[in-house]
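Data first, discussion second: the structure below is written as structure tokens.
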Amino acid sequence: MLLTAGFVPSLLSLSALKSRALRKGVWFRLDPAARALVDATLLYLKRGGVIKSPALINALRAVAERIMAMTSPLRVLARAVGMAIARARGIQADEERAVALGLQWINTPKRYKNFALVEP
């Protein structure tokens, strides 16, 4: 969860997330269960409810991560992935190097990704 690390499900954040997904044309590409979860949580919060369940919070974070990944520009995704790779390897990375690392990771086929973070 790179893009939604500090995501706290509240009425304001969920409504902003839904409006962003609708505005970018991503809302209907989500699976129906994710859309229903966000809609039901919004209705619950509008009526004065409070979210206490850690499982629900994690599920909403996963949906928020999917929406942010689908709506964010590629450069933002590549920079976030590149910074995470640089941190994992202990490398100092400026923005350009982080974007390059992130693009390399995104463009690596899935069959080779298991071995990409392992140091030789």
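From helices alone, the chain scores -21500 deg cm²/dmol at 222 nm; the rule is -39500 (n - 2.57) for each run of n ≥ 4 DSSP H residues, then divide by the residue total. Shape summary of the chain, radius of gyration then Dmax from alpha carbon positions: 16.8, 55 Å. Of the cross-linked pairs Lys46/Lys113; Lys52/Lys110; Lys24/Lys113; Lys46/Lys110, those separated by over 31 Å at the C-alpha level are Lys46/Lys113; Lys52/Lys110; Lys46/Lys110. Among the protein heavy atoms of the range 11-71, carbon and sulfur supply 62% of the accessible surface, probe 1.4 Å, non-protein parts ignored. I'd like the FRET efficiency for Asp31 and Ser53, computed as 1/(1 + (r/R0)^6) with the beta carbon distance as r and R0 of 25 Å, rounded to 0.05. In this case the efficiency is close to 0.75.
What the chain shows is 66 Å² of accessible area per residue, with the surface traced by a 1.4 Å probe over protein heavy atoms. Against the chain, whose longest principal axis is taken from its Cα atoms, helix 74-89 shows a tilt of about 60°.
Computed from point charges on the beta carbon alone (+1 for Lys and Arg, -1 for Asp and Glu), the dipole magnitude for the chain about its Cα centre is near 340 Debye. Computed over neighbours whose Cβ is under 12 Å from that of Glu96, the net charge equals +1, Lys and Arg +1, Asp and Glu -1.
Across the chain, Cα pairs under 8 Å and at least six residues apart give a relative contact order of 27 percent. Relative to the current alpha-carbon distance between Arg23 and Tyr44, full extension at 0.36 nm per residue lengthens the span by 5.3 nm. Computed extension length for Ala69-Gln104: 10.9 nm, one decimal, from 0.36 nm per residue of separation with the Cα-Cα distance subtracted.
The values are calculated or read from the model by the stated rules, or taken from the named source; none is laboratory data. Here the structure is a predicted model, which means the values were calculated and not measured. When we count neighbours, we look across all protein chains shown, and the Cβ atoms used for this are built from the backbone with ideal geometry, even at glycine. Ligands, DNA and RNA are stripped out before the accessible areas are found, and what is left, the full protein with its side chains, is counted by its heavy atoms. Shrake-Rupley method; radii C 1.70, N 1.55, O 1.52, S 1.80 Å.
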